[in-house]
2 protein chains.
Amino acid sequence: MEVVRTIPGTRAAIDALRRQALSVGCVPTMGALHEGHLSLVRRARSECDRVALSIFVNPTQFAPGEDLAKYPRPEARDLELAEREGVDLAFVPSAEEMYPPGSATTIRVSGLTDGMCGPFRPGHFEGVATVVAKLLNLLTPDRAYFGEKDFQQLQVIRRMATDLNLPVEIVGCPTVREPDGLAISSRNAYLSSDERRAAPALYRALQVGAEVIARGGRGGQAEETVRAALAAEPRFQVQYVEARRPDTLKRDDLPGPPMVIAAAVYLGATRLIDNVIVPQRNPG
Amino acid sequence: MEVVRTIPGTRAAIDALRRQALSVGCVPTMGALHEGHLSLVRRARSECDRVALSIFVNPTQFAPGEDLAKYPRPEARDLELAEREGVDLAFVPSAEEMYPPGSATTIRVSGLTDGMCGPFRPGHFEGVATVVAKLLNLLTPDRAYFGEKDFQQLQVIRRMATDLNLPVEIVGCPTVREPDGLAISSRNAYLSSDERRAAPALYRALQVGAEVIARGGRGGQAEETVRAALAAEPRFQVQYVEARRPDTLKRDDLPGPPMVIAAAVYLGATRLIDNVIVPQRNPG
């Protein structure tokens, strides 16, 4: 595995692959790699000749007061895991390499960012859209892989890639969960053992909401059901529960799927998000 | 010359060039081609194996009340000129092809857009940055060519390409002028014959300002000199006169070059812009 820390180094490494007509799959991460990230690497390996993984804790996607300073950065362990999974190229830039003095460009995706995490994380999706565009322009992959756990992020990235005509396929991959249902996240490491025991109730509540939709209920009913289920866990402070159409992230008052039911809760000082997607039923 | 009107058609045409390892130069235009555009095409031809020209009157870069509806669109003549100049690929999309329903992404370059045309054309540079990013992602050129006449636009595009790590070299080309000094522009066609006779006074005034800088004067002095010179032509309504550092488009109070002196004036209903660049003197 080649580890590159500079933009020119990355361009040279990618150009070398391109000259051999090899396809490239890209997995952008903030490091602190877990089974969710590794599932993206495995999918990329199965679909592309070479896999490039980026590790960059992007400061511009943290809102003021968020956990930028304490976000875990176990770089040596991350590189070991990446190598073991067969990553070919690890791009590990510094913040200065990604945002040299004079940087002045931001990408905004409107509409999709109005609800869910958007209002609670000002500037977050601009930071995400901008850094992902940069990484995709640098790594010029054929496909880029993102987890469905950050569903709103995934849809924002899809929209951005389509709107800017980026020559890349954005691939969304299923959320990887612990045996008790908790969605795997780098931020789970912040949980105390008591909090960790309470955490799977988030996913259970979302599943109950998904049942409401699958049986032909409306988004508002599903949200009420999820809120009631979350209220049973006194450790949760609920930030939002929202049922929205997966493609547009819009609300409407029509019953049934397709729907994404998403929630954010605080468990102590730790913010957890999760979602369940209820797909369109096959006609007939 | 191949004329393509769809995004998939353009990708296919560009992919075919790429498979032959041919370099591509790109000249994005709004059509109504004139000697300025053709000079860009000639430069691209001299530096690249193949030249792609786009013709698209981008609605998102016109501020409300501007001349979007009346902007000239002589497509047949444009294609004839492009073919005659040896353009290989003409991309002529509709607004629907470039902005299908659901489009929601915009690119903003801050700082560089604070002065000069920025305050007078709200949304203009966002429209420019966004459409140029789209065109560059579609045409994936090695080099893209823009005129120095739209100097602020050129610097915004350079900044955007650098910040988003676009794998392209942005090439700025000298302003092409009529024999009497008027910068060639598609909007010159709006001028009455009286206005046309008055128009070259804009460039003459900017040249007087450039002399002030070249002799070691400050930006503010150059601006005063240009304003006084413009006042001698009663048909001009001056929108701005600004002396700024070329790279950053910032003001400062230090004397001498490098400097760009730019102005916008109305001549009847027609808005004209022009600029003169005073380069850094070679040391010694």
Practice task
Would you tally the residues in region A:169-217 being out of contact with any Lys or Arg (no Cβ under 8 Å at 6 or more places or on another chain), charged (D, E, K, R) and in contact (Cβ under 8 Å) with a residue 60 or more places away in the chain?
Solution key: 0
Practice task
Could you check how many residues of region B:184-200 are β-branched (Val, Ile, Thr) and in contact with a Ser or Thr (Cβ under 6 Å, 6 or more places away or on another chain)?
Solution key: 0
Exercise for the section: With the condition kept exactly as written, say whether any residue in region B:108-125 is at the interface with chain A (Cβ under 10 Å from one of its Cβ atoms), touching a residue at least 40 places away in the same chain (Cβ under 8 Å), buried (at least 19 other Cβ atoms within 10 Å of the Cβ) and in contact with a strand residue (DSSP E or B) (Cβ under 7 Å, 6 or more places away or on another chain). Expected result: yes
Handout entry: Filter result (surrounded by fewer than 21 Cβ atoms within 10 Å (Cβ to Cβ), at positive phi and within 24 Å of the chain's Cα centre (by Cα)) within region A:17-38
Key = A:Ala32
Fill in the blank from the handout: Of (1) more than 9 Å from every other protein chain (Cβ to nearest Cβ); (2) in contact (Cβ under 8 Å) with a residue 40 or more places away in the chain; (3) touching a strand residue (DSSP E or B) at 6+ places or on another chain (Cβ under 7 Å), A:Thr130 satisfies every one except (1)
Fill in the blank from the handout: Those residues of region A:194-204 that are surrounded by fewer than 18 Cβ atoms within 10 Å (Cβ to Cβ) and of a type in the set (Gly, Ala, Ser) come to a total of 0
Exercise for the section: May I ask you to verify whether B:Ala263 is within 23 Å of the chain's Cα centre (by Cα), small (Gly, Ala, Ser) and within 22 Å of B:Pro119 (Cα to Cα)? Expected result: yes
Completion exercise
Selection from region A:163-193 of residues within 14 Å of another protein chain (Cβ to nearest Cβ) and either touching an Asp or Glu at 6+ places or on another chain (Cβ under 9 Å) or surrounded by fewer than 15 Cβ atoms within 10 Å (Cβ to Cβ) (or both) yields A:Pro167, A:Val168, A:Glu169
Exercise for the section: Return yes when B:Ala183 is out of contact with any Phe, Trp or Tyr (no Cβ under 7 Å at 6 or more places or on another chain), at negative phi and of a type outside the set (Lys, Arg) and no when it is not. Expected result: no
Practice task
Tell me which residues, restricted to region A:52-63, are more than 14 Å from chain B (Cβ to nearest Cβ) and not small (Gly, Ala, Ser).
Solution key: A:Leu53, A:Ile55, A:Val57, A:Pro59, A:Gln61, A:Phe62
Exercise for the section: Inspect region B:10-31 for any residue being in a loop (DSSP other than H, G, I, E, B), in contact (Cβ under 8 Å) with a residue 40 or more places away in the chain, under 30 Å from B:Leu249 (Cα atoms) and not hydroxyl-bearing (Ser, Thr, Tyr) and give the result as yes or no. Expected result: yes
Problem - Matching residues in region B:1-51 - criterion: being among the acidic types (Asp, Glu) and within 14 Å of another protein chain (Cβ to nearest Cβ) - result: B:Asp15
Exercise for the section: Evaluate region A:143-162: report whether one residue or more is surrounded by 18 or more Cβ atoms within 10 Å (Cβ to Cβ) and over 27 Å from A:Arg45 (Cα atoms). Expected result: no
Handout entry: Members of region B:8-65 that are touching a Gly at 6+ places or on another chain (Cβ under 7 Å), within 21 Å of B:Val176 (Cβ to Cβ) and not hydrophobic (A, V, I, L, M, F, W, C)
Key = B:Gly36, B:Arg45, B:Glu47
Handout entry: Among the candidates A:Ile7, A:Ile14, A:Ile55, residue that is among the β-branched types (Val, Ile, Thr), in the same structural domain as A:Arg121 (by TED's automatic domain parsing) and surrounded by fewer than 19 Cβ atoms within 10 Å (Cβ to Cβ)
Key = A:Ile7
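The values are calculated or read from the model by the stated rules, or taken from the named source; none is laboratory data. Because the structure is a prediction, the values reported are computed rather than measured. Ideal geometry is used to build each Cβ from the backbone, glycine not excepted, and the neighbour counts take in all protein chains shown.
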